[in-house]
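The structure appears right after this line, and notes come after that.
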Amino acid sequence: MGVDLRQVVAGVLTLTMFVMLGNMIKRDHFDSITEKLPGDVHDVAKVAEQGLFTLTKRSGKGPWLEDGSELKPCWSKTNFDEIEESKGFITFSLTNGPEYHVSQIADAVVVARQLQGTLVLPDIRGSKPGDEKKFEDIYDVDKFIKSLVGVAKVVRDLPDEISIQSLAVVKVPNRVTEDHIVETIQQIFQAKGNIRLATYFPSVNMRKSAQKSNLDLVACLGMFGTLELQPDVNEVVDSMAERLRTLSRKSDGQFLAVDLRVDLLEQKGCHESGSSGRKSCYSAQEVAVFLRKLGFDKDTTIYLTQSRWDSSLGVLKDIFPKTYTKETIMPADKKAKFLESEDSEFEKVIDFYLCSQSDVFVPAISGLFYANVAGKRIASGKNQILVPADISSSSASPADFVSPYVLKKNHLAHTCFC
């Protein structure tokens, strides 16, 4: 069968047009990204030079970017002076989910180090009254205690002779400073001997500070070097990640995680834009259009943090049929404990760690979840964090929407890892 030369020429011209179109895609979307989610922007042309990731597609289909190198901790036990005799006990609780836990741990370790106090292993409290768990129900106790040897003393329980009701409650701002501890907390601790910390979050701020402190490396260790999931919980997370990779054979075992929860999307003001054009979250339809314009095809496997399937997610599944929530990928024998109980703490943990492990993370909702997942991903070299935006053109480069936390290297994690 002969070959029509005109068809060959037409094919070459069509291919050339697509290449030219790709090169013409504008890179002016970053100006609006800083107004939507925390972080600043950086010149995308320098991204590859910085080694954040390789701006090329992997062998699988879709616009997947190569991971960067895993970073090494800047802190070392040799950086810390020897612990002096304990001057009292410091108790606290972990609340509101793992994105808060990592910050609460960091603050407690910093306070204990500065005051030479002994930390009492925290309990874990959910959003409902009476919803309490032991630390070891979710996290590895031995790892936690061992990680703080030489930094802060830790005991499993408060001595029997000390009543928790007698402890002075001290409010601690997230990312507490040495000055605040000395000026506000130290006097109470010295007077009472034992205190209970209650961390509050004046704002979501995970940017690295321009001011250096002697406690910076202590905070880094507390946030990134103390918490590991206990084996049963870790097994569930790993099995779900493996299931998602199995479903992603057509994209070389890669999957995408989207933090998208219907209850938050329905909150008043979620989609409102102020004079600055700021947008706090994106709907399922907006996320679907965003991903499609970036070049993710219908075979892309997507994990949603939404707990149960909701009809509003149908538009996302129409475009990306391989879209899943927990109930469809969790092992059947694990659902009774981790999914079907009234306690949602396990589900929050699963979401946090799956979003930290996925090949691509898309934070459809701004907030601490996005910020602290970004920190874990930056530390492990998983820099593919794509911040949603309204794309006016028919297509765009994924590199234009990488999180400013990554591009500007202004996340706290960049202070903690070298």
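The values are calculated or read from the model by the stated rules, or taken from the named source; none is laboratory data. This one's a predicted model, so the numbers in the text were calculated from it and none came from an experiment. Cβ sites come from the backbone with ideal geometry, for glycine too, and all protein chains shown count toward neighbours. Accessible surface areas use protein heavy atoms only, side chains included; no ligands, DNA or RNA. Shrake-Rupley method; radii C 1.70, N 1.55, O 1.52, S 1.80 Å.
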Can you name the number of the only condition in (1) free of Cβ contacts under 8 Å to residues at least 24 places away in the same chain; (2) more than 22 Å from Lys208 (Cα to Cα); (3) part of a helix (DSSP H, G or I) that Asp351 fails?
(1)
Across the range 277-288, which residue is nearest to Ile319 (Cα to Cα) among those that are open to solvent by 50 Å² or more (accessible area, probe 1.4 Å) and either modelled with pLDDT under 60 or touching a helix residue (DSSP H, G or I) at 6+ places or on another chain (Cβ under 8 Å) (or both)?
Gln285
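Looking at the range 121-137, is at least one residue of a type in the set (A, V, I, L, M, F, W, C), under 21 Å from Cys416 (Cβ atoms) and at pLDDT 95 or above? Explain how you work it out, then say what you get.
First pass over the range 121-137, keeping only residues of a type in the set (A, V, I, L, M, F, W, C): 121, 124, 135.
Subsequent filtering for residues that are under 21 Å from Cys416 (Cβ atoms) retains none.
No, every residue in the range 121-137 fails to be of a type in the set (A, V, I, L, M, F, W, C), under 21 Å from Cys416 (Cβ atoms) and at pLDDT 95 or above.
Examine the range 325-344 for a residue that is part of a strand (DSSP E or B) and touching a strand residue (DSSP E or B) at 6+ places or on another chain (Cβ under 9 Å), and state whether such a residue exists. Talk me through it step by step, then tell me what you get.
Taking the range 325-344 and keeping what is part of a strand (DSSP E or B), we get none.
No.
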Out of the residues in the range 92-115 meeting the condition of being open to solvent by 10 Å² or more (accessible area, probe 1.4 Å) and of a type in the set (Ser, Thr, Tyr), tell me which one is nearest to Gly375 (Cα to Cα).
Tyr100
Look through the range 200-221, keep the residues that are farther than 20 Å from Cys74 by Cβ and without any contact (Cβ under 8 Å) to a residue 60 or more places away in the chain, and return whichever of them is least open to solvent (accessible area, probe 1.4 Å).
Ser203
Given (1) free of Cβ contacts under 8 Å to residues at least 12 places away in the same chain; (2) part of a loop (DSSP other than H, G, I, E, B); (3) charged (D, E, K, R), Lys317 misses just (2)
For a quick check of your reading of the model, give me the residue pairs whose first member lies in the range 121-135 and is more than 14 Å from Thr91 (Cα to Cα), whose second is outside any strand (DSSP E or B) and open to solvent by 70 Å² or more (accessible area, probe 1.4 Å), with beta-carbon atoms closer than 9 Å and at least 6 apart or on different chains.
Gly126/Asn96; Ser127/Asn96; Lys128/Glu342; Asp131/Glu342
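Can Thr118 be described as surrounded by 14 or more Cβ atoms within 10 Å (Cβ to Cβ), among the polar types (S, T, N, Q) and at pLDDT 95 or above? Don't jump to the end; show me each part of the working.
Numbers: surrounded by 14 or more Cβ atoms within 10 Å (Cβ to Cβ): yes; among the polar types (S, T, N, Q): yes; at pLDDT 95 or above: yes.
Yes; evaluated as a whole, the condition is true for this residue.
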Out of the residues in the range 222-231 meeting the condition of being assigned to a helix (DSSP H, G or I) and under 18 Å from the mean Cα position of the chain (by Cα), tell me which one is surrounded by the most Cβ atoms within 10 Å (Cβ to Cβ).
Gly222
Residue count for the range 232-258, restricted to those that are open to solvent by 10 Å² or more (accessible area, probe 1.4 Å), touching a Phe, Trp or Tyr at 6+ places or on another chain (Cβ under 9 Å) and of a type in the set (S, T, N, Q):
1
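I'd like the residue in the range 348-366 that is of a type in the set (Ser, Thr, Tyr) and in contact with a Leu (Cβ under 7 Å, 6 or more places away or on another chain) and, out of all such residues, is farthest from Ser248 (Cα to Cα). Working first, answer last.
From the range 348-366, those of a type in the set (Ser, Thr, Tyr) are 353, 356, 358, 366; that's our starting set.
Okay, now just the ones that are also in contact with a Leu (Cβ under 7 Å, 6 or more places away or on another chain), so 353, 358, 366.
On the way: Tyr353: 19, Ser358: 12, Ser366: 27 Å.
Of everything passing the filter in the range 348-366, Ser366 is farthest from Ser248 (Cα to Cα).
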Condition check for Lys409: more than 26 Å from Leu265 (Cβ to Cβ), part of a loop (DSSP other than H, G, I, E, B) and either within 11 Å of the chain's Cα centre (by Cα) or not aliphatic (A, V, I, L, M) (or both)
yes
Is it the case that Phe417 is in contact (Cβ under 8 Å) with a residue 24 or more places away in the chain, more than 23 Å from Gln285 (Cβ to Cβ) and open to solvent by 10 Å² or more (accessible area, probe 1.4 Å)?
yes
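Looking at this structure, is Arg261 out of contact with any helix residue (DSSP H, G or I) (no Cβ under 6 Å at 6 or more places or on another chain), surrounded by 14 or more Cβ atoms within 10 Å (Cβ to Cβ), at pLDDT below 90 and closer than 24 Å to Phe369 by Cβ? Walk me through how you get there before you give the answer.
Values: out of contact with any helix residue (DSSP H, G or I) (no Cβ under 6 Å at 6 or more places or on another chain): yes; surrounded by 14 or more Cβ atoms within 10 Å (Cβ to Cβ): yes; at pLDDT below 90: no; closer than 24 Å to Phe369 by Cβ: yes.
In short, no.
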Residue ID - nearest to the chain's Cα centre (by Cα), chosen from residues in the range 299-350 that are open to solvent by 10 Å² or more (accessible area, probe 1.4 Å) and among the polar types (S, T, N, Q)
Gln306
